[in-house]
1. Taking the residues in the stretch 79-107 that are crowded, with 18+ Cβ neighbours inside 10 Å and aliphatic (A, V, I, L, M) as candidates, determine which candidate is nearest to residue 69 (Cα to Cα).
2. For the stretch 121-135, check the following and say yes or no: at least one residue is in a loop (DSSP other than H, G, I, E, B), surrounded by fewer than 20 Cβ atoms within 10 Å (Cβ to Cβ), of a type outside the set (Lys, Arg) and without any contact (Cβ under 8 Å) to a residue 12 or more places away in the chain.
3. Return yes or no: is residue 204 within 21 Å of residue 41 (Cα to Cα), touching a residue at least 24 places away in the same chain (Cβ under 8 Å), crowded, with 17+ Cβ neighbours inside 10 Å and of a type outside the set (Lys, Arg)?
4. Kindly indicate whether any position in the stretch 138-146 is under 20 Å from residue 182 (Cβ atoms) and either within 17 Å of the chain's Cα centre (by Cα) or not in a strand (DSSP E or B) (or both).
5. For the stretch 1-87, list the strands (runs of 3 or more DSSP E) that sit wholly inside it and hold at least 3 residues that are over 27 Å from residue 211 (Cβ atoms) and modelled with pLDDT under 85; which are they?
6. Just to be sure before I move on: is residue 154 modelled with pLDDT of 95 or more and assigned to a loop (DSSP other than H, G, I, E, B) in the structure I sent?
Amino acid sequence: QLRISREGLEPGVYHDKLVIDGGSAGSKEIPIQMQVAAVQQEIPIQPGDEWRYFKGQKEPPKAWNQLDFDDSDWLAGPSGIGYSNDIQYATTLNDMPHNYISFYARRTFQIVDPSSYANLTLGMVYDDGFVAYINGVEVVRSPSMGSPAVPSTFKTKAAKAHDEGLPETLFAIPLEGDLLKSGDNVLAIQVHNDYIGSGDCGMVPRLLAGRMVEKPANP
């Protein structure tokens, strides 16, 4: 099976030849044409967008991270969401210290043609840990949240601290199977503190998508 990498190539159509050396039987040339599409960066979810969120005073319904979950009775507010003595969150959870160690949040976004996306990236400013899902499928887990094999409940503590003052961390999301749907999709994130008396906890998420744009063939 022959694989040709497009990495590092500028958008356009490339022509080349594959030479098969048959030894004494002679060689054969096979013409190859490869098109490299331009990738346009989009931001389906950005800071300031409104999210639905649920305070982790108890376990949320099992389907909380699914697209068809009814979150109409959840609280609503713009991101970032959390509390801190150092930075200002757009939605502040003033009652979180000493009361609950996690919260859950959801935001829908739209995709026109899932097959046209070359990459998907979650950008996160967070404190202290999180697990992210798209349409109910776990796609990113921060290093502070342990193994995916161990379910994280509303009482789960982040295994170590991660400071919200650090630069945004980018997490590549594998585009496997039918992860993205045409039309509505949902990004769901659960955020966990490292201890209940901590002075800060929160998230400022961005979802970045690279969409392939058709480029006219070279003359």
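The values are calculated or read from the model by the stated rules, or taken from the named source; none is laboratory data. Not measured: the values here are computed from a predicted model. For neighbour counting, all protein chains shown are included, and Cβ atoms are generated from backbone atoms with ideal geometry for every residue, glycine included.
1. Looking at the filtered set, the residue picked out is 105.
2. Within the stretch 121-135, none of the residues are in a loop (DSSP other than H, G, I, E, B), surrounded by fewer than 20 Cβ atoms within 10 Å (Cβ to Cβ), of a type outside the set (Lys, Arg) and without any contact (Cβ under 8 Å) to a residue 12 or more places away in the chain.
3. Taking the combined requirement at face value, the residue satisfies it.
4. Yes, because at least one residue in the stretch 138-146 is under 20 Å from residue 182 (Cβ atoms) and either within 17 Å of the chain's Cα centre (by Cα) or not in a strand (DSSP E or B) (or both).
5. Of the strands (runs of 3 or more DSSP E) lying wholly inside the stretch 1-87, those with at least 3 residues that are over 27 Å from residue 211 (Cβ atoms) and modelled with pLDDT under 85 span 12-21, 27-36.
6. Spelling it out, residue 154 is indeed modelled with pLDDT of 95 or more and assigned to a loop (DSSP other than H, G, I, E, B).
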